[in-house]
Amino acid sequence: MMDLYNGYNFGGMHLIWWMIWMVFIFWVFFTPWYIPGNRRNRDSPLGILRKRYASGEITKEQYLEQKKVLETN
């Protein structure tokens, strides 16, 4: 009986495994940056101003003045 696998090296399967490994490596190194909640979003200048006012660092007058400046730009 003839051996069906004699001299056949499964070259296509080898290529498929390389592609699977490349996708896995890409996923490991690049996906975690895009998981929601994993990376903090930067606060906007207006958001920082609101936090400063809420924590009592600045007065209401300072808040309104700086808010006006931020909104005109």
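Relative protection proxy for 45-55, 19-29, from highest mean packing down: 45-55, 19-29 (other beta-carbon atoms within 10 angstrom). Taking label positions 7 Å along the Cα-Cβ direction at both K51 and V23, the computed distance is 3.9 nm, reported to one decimal.
Modelled label positions at N73 and K60, each set 7 Å beyond Cα in the direction of Cβ, lie 2.6 nm from each other.
Bear in mind these aren't lab numbers, they're just calculated from the coordinates by the rules spelled out. Keep in mind that this is a model prediction, so the values were computed, not measured. Cβ coordinates were reconstructed from backbone atoms using ideal geometry, including for glycine residues, and neighbour counts include every protein chain displayed.
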